[in-house]
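The numbers here are math on the coordinates, done by the rules we state, and not lab data. Predicted, not measured: the structure shown is a model, and the values here were computed from it. Using ideal geometry, Cβ is built from the backbone for each residue, glycine included, and neighbour counts are taken over all protein chains shown.
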Amino acid sequence: MLNAATHYQIDYPDLSLILALVRGGTLARAAALLRVDVSTVFRAVRRLEAALGQTLFEKSRAGYLPTSLASNLAQQAERAELALEAARIGVEQGGEVISGTVRLTCTDAVLQGLLLPALAQFMPAYPALTLELSTSNDFANLSRRDADIALRLTSKPPEHLVGRCLGTVTYQVCASADYARRHAGQDLVDLAWIAPDDFLPDHPTVAWRREHLPGVRPRYRCNSMQSVTELVRAGLGVAALPDFLIGNDLQPLGPALAGHDTALWLLTRPDCRALRSVVTLFDELGRHVRGLRP
């Protein structure tokens with residue numbers, strides 16, 4: 001509860017009103033979310049601001065812009081909304097419900113190739129569990145406590161994190177079928193290369209190419225392996241790709257790059273092991289992430 005200078009006490013309908021207007025941005029959209037008419041929302045906001053003695057929204061040409069107070073109250077409203085939903089689910093299911101928000105970080109390539117298929121299998125069983133996803137190429141997220149779980153391709157996970165290795169990832173030089181046909185018989189060094197050099201200088205594919213094809217200068221440089229893969233699919237050149245991104249639409253031009261395997265690690269902070277929501281998601285990911293060699 002929030003006690004304003006006037007001793008007015010915020011209740012759940014007030015929070016719902018603020019959250020609807022923050023989400024909607026206009027009276028009309030807020031009214032639609034609340035299933036009332038526009039004039040009801042307008043009068044309710046005016047009454048609440050008068051009761052609190054503070055401005056909640058600034059009217060602009062873009063709509064209703066929340067003040068810092070309204071933004072903070074909207075965050076509290078979202079937490080209350082999630083708690084209420086978890087309680088309802090618990091009543092319906094007749095047992096304890098895993099609820100809360102878990103923050104997960106991975107690269108966009110791992111997200112597309114491995115994480116999304118896994119989430120589709122088990123997340124419907126946890127309707128009260130909220131997942132916040134961010135894509136990044138480093139471990140700083142967990143170190144700064146910006147995330148609770150990370151899926152990372154690495155041979156040496158940081159010692160301050162705990163987790164398990166989910167399998168080995170290999171890499172192969174690939175091209176689209178059309179590009180492979182148009183450049184059949186050409187040496188790899190003469191093809192248009194797509195690479196993440198400037199953004200991932202220590203990536204296994206970069207190390208392999210610099211060792212075996214030192215004369216190659218990539219024609220395209222991308223800031224992620226997912227982007228590299230999309231350019232290869234578009235027929236713009238060749239690249240060394242992780243095995244979980246090589247689908248039927250791409251054609252390997254040789255065997256796996258010997259000596260340049262890496263591993264997929266599922267990691268968390270030691271302090272997160274006491275959180276049921278984090279432990280549950282961690283265990284489910286360990287069971288459902290597939291497509292790697294053991």
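Data for the structure
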| read-out | value |
| --- | --- |
| Considering only region 171-260, percent of DSSP beta bridges that pair antiparallel, nearest 5 | 70 percent |
| Amide H contacts under 5 Å for G167, placed H, 5+ residues apart | L264 |
| E58-A80 FRET efficiency (beta carbon distance; Förster radius 25 Å; 0.05 resolution) | 0.55 |
| Kirkwood Rh, Cα atoms: Rg over Rh of the chain | 1.11 |
| Gaussian network model of the chain, Cα within-10 Å springs - most flexible of P196, P127, P242 | P127 |
| Backbone HN-Hα couplings from phi across region 188-200 [Karplus 6.51/-1.76/1.60, Hz, Gly and Pro as x] | 4, 5, 8, 8, 7, 9, 10, 8, x, 3, 5, 9, 10 |
| Rounded to 5, the percent of DSSP beta bridges in the chain classed as antiparallel | 65 percent |
| Stretchable slack from N223 to D261, in nm (0.36 nm times residue separation minus alpha-carbon distance) | 11.6 nm |
| Mean separation of Cα contacts under 8 Å, 6 or more apart, over the residue count of the chain: relative contact order % | 20 percent |
| Integer Hz, Karplus 6.51/-1.76/1.60 couplings in order for region 72-78, x for Gly and Pro | 5, 5, 5, 5, 5, 5, 5 |
| R0 of 35 Å, Cβ-Cβ distance V189-N248: FRET efficiency to nearest 0.05 | 0.85 |
| Shape of region 12-93, Cα gyration tensor, a/c cut at 1.5 | prolate |
| More than 24 angstrom apart: percent of Cα pairs within region 171-260 | 7 percent |
| Efficiency of FRET from Cβ geometry, A234 and T26, R₀ 45 Å, rounded to 0.05 | 0.70 |
| Within a Gaussian network of the chain (alpha carbon springs, distance under 10 Å), most fluctuating of T280, T268, T40 | T40 |
